[in-house]
Amino acid sequence: MAVSPGNLISHVNKRVGRLVGVDKSEVSLRVACKLADKLNIKFEPICDDLLNIDDDLRFDLIISSNSILPNSREEVAEMFKKLSVLLSSNGRLIAILPSFDTMLYLQELRRRENNLDGSEPILMDEEMLAYADDGYHLQCYHTEKSIQEKIALAGLMLKATPEKAYYPQSQEEIWD
Ligand SMILES: C[S@@+](CC[C@H](N)C(=O)[O-])C[C@H]1O[C@@H](n2cnc3c(N)ncnc32)[C@H](O)[C@@H]1O
């Protein structure tokens, strides 16, 4: 799910029978396909919004890395629900969900760096857990509580308590 730019392809390839990558960005998906070609890995791309994926498809494992970031909380719930529909019985979702408190910290850093006085356009909606890190487009983020709520609403069962993970510095350059 949201496979761009293909960072995980080589890691999961040897462990799965069929590797399918979904991303709504054609350009991003092209980068992932190029990488799979280069590594000689069989990879099936689907260029579409997750919400449009055929409900009849089933996956034993879905990996979503930093890709549940829509602009409304309703859509967060829809995305989790869709993922639950696409999982086979006993299927698993492994998700990295970008954390809202990181955005609070980022906002604070920006405020300090730019000497903002609070009269600037509001780029953060704390109730919606949304932040526009590009300055224009709000994206919805996650907290432990929101993850637990949405997972339950989608009919999924948490196998483990959500854990905070920090990316090592060297990984930053691979972000798109
Ligand atoms: C922040 S990037 C993360 C890229 C990569 N997974 C990673 O962890 O480095 C988000 C990706 O999710 C894709 N995406 C976001 N919402 C999506 C949706 N509803 N359906 C399909 N792809 C989506 C975007 O096109 C983009 O490639």
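Residue pairs whose Cβ atoms lie under 7 Å apart, sitting 6 or more positions apart in sequence or on different chains, and linking a residue in the range 9-28 that is outside any helix (DSSP H, G or I) to a partner that is among the hydroxyl-bearing types (Ser, Thr, Tyr) and within 12 Å of the ligand (Cβ to nearest atom), are ASP23/SER4; SER25/SER4. Here GLY21 passes the criteria (1) out of contact with any Asp or Glu (no Cβ under 8 Å at 6 or more places or on another chain); (2) more than 9 Å from the ligand (Cβ to nearest atom); (3) within 23 Å of CYS140 (Cα to Cα) except the one numbered (1). Taken over the range 48-81, the criterion of being within 20 Å of MET157 (Cβ to Cβ), more than 9 Å from the ligand (Cβ to nearest atom) and in contact with a strand residue (DSSP E or B) (Cβ under 7 Å, 6 or more places away or on another chain) is satisfied by ARG58, PHE59, ASP60, LEU61, ILE62, VAL76.
Scan the range 88-118 residue by residue and report those that are farther than 20 Å from LEU138 by Cβ, away from the ligand (no atom under 11 Å from the Cβ) and without any contact (Cβ under 8 Å) to a residue 40 or more places away in the chain. Across the range 88-118, the qualifying residues are SER88, SER89, ASN90, GLY91, ILE94, ARG112, GLU113, ASN115, ASP117. Looking across the range 43-87, the residues that are exposed (fewer than 13 other Cβ atoms within 10 Å of the Cβ) and either touching a Gly at 6+ places or on another chain (Cβ under 9 Å) or free of Cβ contacts under 8 Å to residues at least 24 places away in the same chain (or both) come down to GLU44, ASN52, ASP54, ASP56, ARG58, GLU74. Within the range 144-169, residues that are part of a helix (DSSP H, G or I) have Cβ atoms under 7 Å from residues that are at pLDDT 90 or above and loosely packed, with under 13 Cβ neighbours inside 10 Å in these pairs: GLN148/LEU158; ILE151/LEU158, counting only partners at least 6 apart in sequence or on another chain.
The values are calculated or read from the model by the stated rules, or taken from the named source; none is laboratory data. Computed from a predicted model, the values in this text were never measured in an experiment. For neighbour counting, all protein chains shown are included, and Cβ atoms are generated from backbone atoms with ideal geometry for every residue, glycine included.
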